[in-house]
Structure formats: C-alpha cells, structure tokens
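The values are calculated or read from the model by the stated rules, or taken from the named source; none is laboratory data. Here the structure is a predicted model, which means the values were calculated and not measured. Don't worry about glycine lacking a Cβ; one is built from the backbone with ideal geometry, like all the others, and counts go over all protein chains shown. For accessibility, only protein heavy atoms count, side chains too; no ligands or nucleic acids. Shrake-Rupley method; radii C 1.70, N 1.55, O 1.52, S 1.80 Å.
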Amino acid sequence: GAVVSQHPSWVICKSGTSVKIECRSLDFQATTMFWYRQFPKQSLMLMATSNEGSKATYEQGVEKDKFLINHASLTLSTLTVTSAHPEDSSFYICSARKSYEQYFGPGTRLTVT
Amino acid sequence: QQQVKQSPQSLIVQKGGIPIINCAYENTAFDYFPWYQQFPGKGPALLIAIRPDVSEKKEGRFTISFNKSAKQFSLHIMDSQPGDSATYFCAAVSQGNTPLVFGKGTRLSVIA
C-alpha cells in the first residue's frame, strides 16, 4: 500500500478564524489529490480535486473562497477553511492517487465553536 | 443520479459467517472497482480492488466477485470476525484524474 498523512488529526477553533489542514503522500508522488468531507454515518462527499501546480477543481456547491486548496508539490496539498463557522465542523479527509489506486489520510476532525 | 448503488445499508452477522455486500453501477466507462474499509474516526483504507477483465479476486479473507454483463460486483468476507466490524464502501472510477464514485456504505457488525 501507500501512506497518506494528515495534520492535524483534530482541531478546535473559534468562529471567524481560519484553519489549515495538511495532507502529505509519504512514500509516493501524487499528481492528483482529493479533499472530502464526511458527516456522521454518511458516505464521503467530494469537495475538490487538486492537481499539482494548477488550480483546484471544486464540486458544485463548495465555496472555493471559503475552502482554499493549494497543491504546491507532488507530495503536499493543503486545505484552508477560512472564516470558519460552526456549520463547517466536520470530518475532513484527503486522498492521494497513485496510478489507479487512491489512498486516504486518517482524517481531521474540525470543531468550530 | 447515484452512479454506484450499494446494499444493504447495514448488516449483522455472527462470527464465522460470510457477509456479502453488493454494488451496482451504471457507467460502462468505469474500469476499476475498489472496496474500502472505514473504522469510526479513521480514514477509509483500501481493502481490495478489481478490474472488469476478471470475474473474481481474492486477498486473504476478502473476495470480490464481478459480473460485467450485469454491471454488479460484490464483496464477500470469509470467516468474519468481530474486528471486521466497520463501514464498507464500494467505489468505481474510470481512467484519468476523475474522482472515485462511492456507494453509500454498509455498516457491518460481526457479533461473537
């Protein structure tokens, strides 16, 4: 398999502040990374597809100015939740593609108070 | 339109039983079908995957059966154990940088 790490694993922030989540592919290079959001007992909801060196492609309904994605290198993508509000509280999971296989990070639990 | 339909939504089996989870897809461009296992509070882990040129693939206690003409595939877990209790997601993808299309998941409980 392949390893994808995420940092932090959980974060609590106050409403109105911004939070950055890092996603790294540790033992392979990923030209494409994905960001998902998951609500309790539900499937994964794709937020955006990120290709190294280019702008992310956001899914319909996802605010690109609120969820800033940067894919600076073949092993690192970041998601910044700007001006977070309680409704942004969720489980955020990144994923990196290696050929056909897609590997997921352990997730980041975001709580906005 | 849900492109991958997964059933059942939840499943309870006794230890040693063989749970079967089924998925059906519509898009004939899909050519890679992975299964993921997810424990609470964790990210999904790639379990096993199959391509449409084979009808069955086994890895340890996990088996995928694939029926290309029916556009269906299923996961079988042999000799299930309580540690297999998790949510299982089927998925499908086609070539290129297109994202995985997930089923809605099956919550499996294996009771001793």
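Can you send over the carbon and sulfur percentage of the accessible area for segment A:7-112, probe radius 1.4 Å, protein chains only? Show your work: numbers first, answer last.
On the way: 2630 of 5150 Å².
Exposed carbon and sulfur together represent 51 percent of the surface.
Can you list, by residue number, the Cys in the protein assembly as shown that have no neighbouring cysteine C-beta under 4.7 Å?
A:CYS13, each lacking another Cys Cβ under 4.7 Å.
Let me spell out the model: positive unit charges on the Cβ of Lys and Arg, negative unit charges on the Cβ of Asp and Glu, origin at the Cα centre of the protein assembly as shown. What dipole size does that give, in debye rounded to 20?
Working: 22 positive and 16 negative charges, 57 e Å.
In debye, rounded to 20, the protein assembly as shown gives about 280.
Provide the per residue accessible area, probe 1.4 Å, for chain A, rounded to a whole number of square angstrom. Could you put the intermediate results ahead of the total?
Working: 5500 Å² over 113 residues.
Heavy-atom SASA per residue in chain A reads 49 Å².
So which lysines pass the test for B:LYS5, namely a Cα distance under 21 Å, with those fewer than 8 places away in the same chain ruled out?
Straight-distance partners of B:LYS5: A:LYS41, B:LYS57, B:LYS68, B:LYS71, B:LYS104.
How large is ³J(HN,Hα), in whole Hz, for each residue of segment A:2-9 in order, when computed from phi with the Karplus curve 6.51 cos²θ - 1.76 cosθ + 1.60 and θ = phi - 60°, using x for Gly and Pro?
Each residue's phi maps through the Karplus curve to give 9, 10, 10, 10, 9, 8, x, 7 Hz.
For A:LYS20, go through the lysines and keep the ones whose alpha-carbon is under 20 Å away, minus same-chain ones fewer than eight residues off.
List returned: A:LYS55, A:LYS64, A:LYS66, B:LYS42.
When the Debye formula is applied to the Cα atoms of the protein assembly as shown, each taken as the same point scatterer, what base-10 log of I(q)/I(0) results at q = 0.11, 0.13 Å⁻¹?
Summing over Cα pairs of the protein assembly as shown leads to -0.55, -0.76.
Once A and B are treated as a pair rather than alone, how much accessible area drops out, both sides summed, in Å² to 100, probe 1.4 Å? Don't skip to the answer; put the middle values down first.
Values: alone 6350 and 6320 Å², together 11010 Å².
Buried area between the two chains comes out at roughly 1700 Å².
Provide the per residue accessible area, probe 1.4 Å, for chain B, rounded to a whole number of square angstrom.
Values: 5510 Å² over 112 residues.
Value returned for chain B: 49 Å² of accessible area per residue.
Say we join alpha carbon atoms closer than 10 Å with springs in a Gaussian network model of chain A; which of A:SER25, A:SER73, A:SER99 then has the biggest fluctuation?
In this elastic network of chain A, the residue with the biggest mean-square fluctuation among A:SER25, A:SER73, A:SER99 is A:SER99.
Determine the sum of side-chain charges near B:ILE21: Lys and Arg each +1, Asp and Glu each -1, restricted to other residues whose C-beta is under 14 angstrom from that of B:ILE21. Walk me through the intermediate numbers first.
Details: positive: B:LYS5, B:ARG61, B:LYS104, B:ARG107; negative: B:ASP84.
Neighbour charge sum, excluding B:ILE21 itself: +3.
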